[in-house]
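This report refers to the structure that appears directly beneath it.
The values are calculated or read from the model by the stated rules, or taken from the named source; none is laboratory data. Since the structure is predicted, the reported quantities are computational estimates derived from the model, not experimental observations. Reconstructed Cβ throughout: ideal geometry from the backbone, glycine too, with neighbour counts over all protein chains shown.
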Amino acid sequence: DMNVLSNQLNLLPACLPTPHPSSPNFISRFRADVVQLVESSNTHKHSDTCYKYYNANRGDKKSCRMRMPRKLVPISTIDPYTGHISMRRSDSWINNFNEYIISACRSNMDIKFIWTGNDAKALVYYITDYVTKMSLSFHDTFSLVQKSITSLQNPNNQLDKENVIEKSRKLVLRCYNTLASQQELSGVQVASYLMNWDDHYTTHKFQGLYLIQTERFLQTELNEMRAKQNLEIASH
C-alpha cells in the first residue's frame, strides 16, 4: 500500500483515479483531489497562445485573449434588469470549474452558465466556427497546390503522351494527396482508427447509397431515352 501511495504521489493529479464515493473519508479526499486538479490543470499561465493575434506593428494592446487575470468578485450577484449572473471569484487566475465534472474528466475546463440570449448565440457561433474551421490556412493550401502543379510540370513526369482527362485526374489526385498528408488528426481520430472503431454512431440503420452507380444508371437511362427520341424523330 505504501508503494502504491508513493507511486500516486509522483503522478500528475490528472492521472490519478477519481476518489470512490464509498471510500473512507470520501468528502475530504474529494476536496483534496479537486484542489490538486485545479492547482495543476485549471490555473492559467500566460503563454504565446495568449498573444496569438497580438501585432505590435498595428499598435495592438498586449492583452491575454483568455481574459486573464480576471476581476475578483467578492460575492455572487444577479442583475435584476439584465439577468446577468456574476459568480463570486476569489482567485483571478483560476478558470471557472465544476468540482464534480473536473474530478470525473480530470482535465482543465472553463464552464459558464448560459443564461441570456446573447450568450446562447455566442455559444452557437463559437461551436459552429470551431468544428468547421480548416486545419490549413488559405495561403498554406495554395502553396501546397502550387507545389503539386509544379511537380506535375516536371520534365521527368511523362505526361505529354497522356490525354487531357488523364492529366486532369492525376492533377486532382496529386493535389488531394498533398493536402491530405498535411491535415491534422486529433488523438480521438487516431485512437479510433488504431482500435478499429466506428467513425460515427447513429440511432437508426440506414441503407447505403452508392452515388457513382446511381449516376451511371441515370446516365444510361438518359442515353436510352435520347436514343428513342431520336429514332422517333427520324421515323417521322
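When each of Thr220, Thr214, Thr178 is tested for being in the same structural domain as Ser148 (by TED's automatic domain parsing) and surrounded by 10 or more Cβ atoms within 10 Å (Cβ to Cβ), the lone residue that passes is Thr178.
Among the candidates Leu171, Leu136, Leu152, Leu159, the residue that is surrounded by 13 or more Cβ atoms within 10 Å (Cβ to Cβ), at pLDDT 75 or above and not acidic (Asp, Glu) is uniquely Leu171.
Here is a yes/no grid of residues against (1) free of Cβ contacts under 8 Å to residues at least 12 places away in the same chain; (2) over 30 Å from Ser151 (Cβ atoms); (3) part of a helix (DSSP H, G or I); (4) not aliphatic (A, V, I, L, M):
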{"site": "Arg169", "(1), (2), (3), (4)": "yes, no, yes, yes"}
{"site": "Tyr176", "(1), (2), (3), (4)": "yes, no, yes, yes"}
{"site": "Glu184", "(1), (2), (3), (4)": "no, no, no, yes"}
{"site": "Ser192", "(1), (2), (3), (4)": "yes, yes, yes, yes"}
{"site": "Asn196", "(1), (2), (3), (4)": "yes, yes, no, yes"}
{"site": "Ala234", "(1), (2), (3), (4)": "yes, yes, yes, no"}
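If we keep just the residues of segment 77-110 that are modelled with pLDDT of 90 or more and among the hydroxyl-bearing types (Ser, Thr, Tyr), which is farthest from Gln36 (Cα to Cα)? That would be Thr77.
Let's see how each residue does on (1) touching a helix residue (DSSP H, G or I) at 6+ places or on another chain (Cβ under 8 Å); (2) in contact (Cβ under 8 Å) with a residue 40 or more places away in the chain; (3) polar (S, T, N, Q):
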position: Pro19; (1), (2), (3): yes, yes, no
position: Asn55; (1), (2), (3): no, no, yes
position: Leu72; (1), (2), (3): no, no, no
position: Thr77; (1), (2), (3): no, no, yes
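Filtered by the rule that a residue be hydrophobic (A, V, I, L, M, F, W, C), within 30 Å of Arg29 (Cβ to Cβ) and touching a residue at least 24 places away in the same chain (Cβ under 8 Å), segment 99-134 gives Ile102, Ala104, Met109, Phe113.
Identify all residues within segment 111-125 that are at pLDDT 85 or above, surrounded by fewer than 12 Cβ atoms within 10 Å (Cβ to Cβ) and not β-branched (Val, Ile, Thr); write none if there are none.
Start the filter on segment 111-125 by keeping residues that are at pLDDT 85 or above, which leaves 111, 120-125.
If we keep only those that are surrounded by fewer than 12 Cβ atoms within 10 Å (Cβ to Cβ) as well, we get 111, 120-121, 124-125.
Selection gives Ala120, Lys121, Tyr125.
Filtered by the rule that a residue be of a type in the set (Gly, Ala, Ser) and either part of a helix (DSSP H, G or I) or surrounded by 10 or more Cβ atoms within 10 Å (Cβ to Cβ) (or both), segment 40-75 gives Ser40, Ser41, Ser47, Ala56, Ser63. Might you let me know whether segment 52-65 holds any residue that is more than 24 Å from Asn108 (Cα to Cα) and either assigned by TED's automatic domain parsing to the domain that holds Ser107 or of a type in the set (A, V, I, L, M, F, W, C) (or both)? Yes, segment 52-65 contains a residue that is more than 24 Å from Asn108 (Cα to Cα) and either assigned by TED's automatic domain parsing to the domain that holds Ser107 or of a type in the set (A, V, I, L, M, F, W, C) (or both). Would you mind stating whether Ile27 is loosely packed, with under 13 Cβ neighbours inside 10 Å and outside any loop (DSSP other than H, G, I, E, B)? So Ile27 fits the description; yes.
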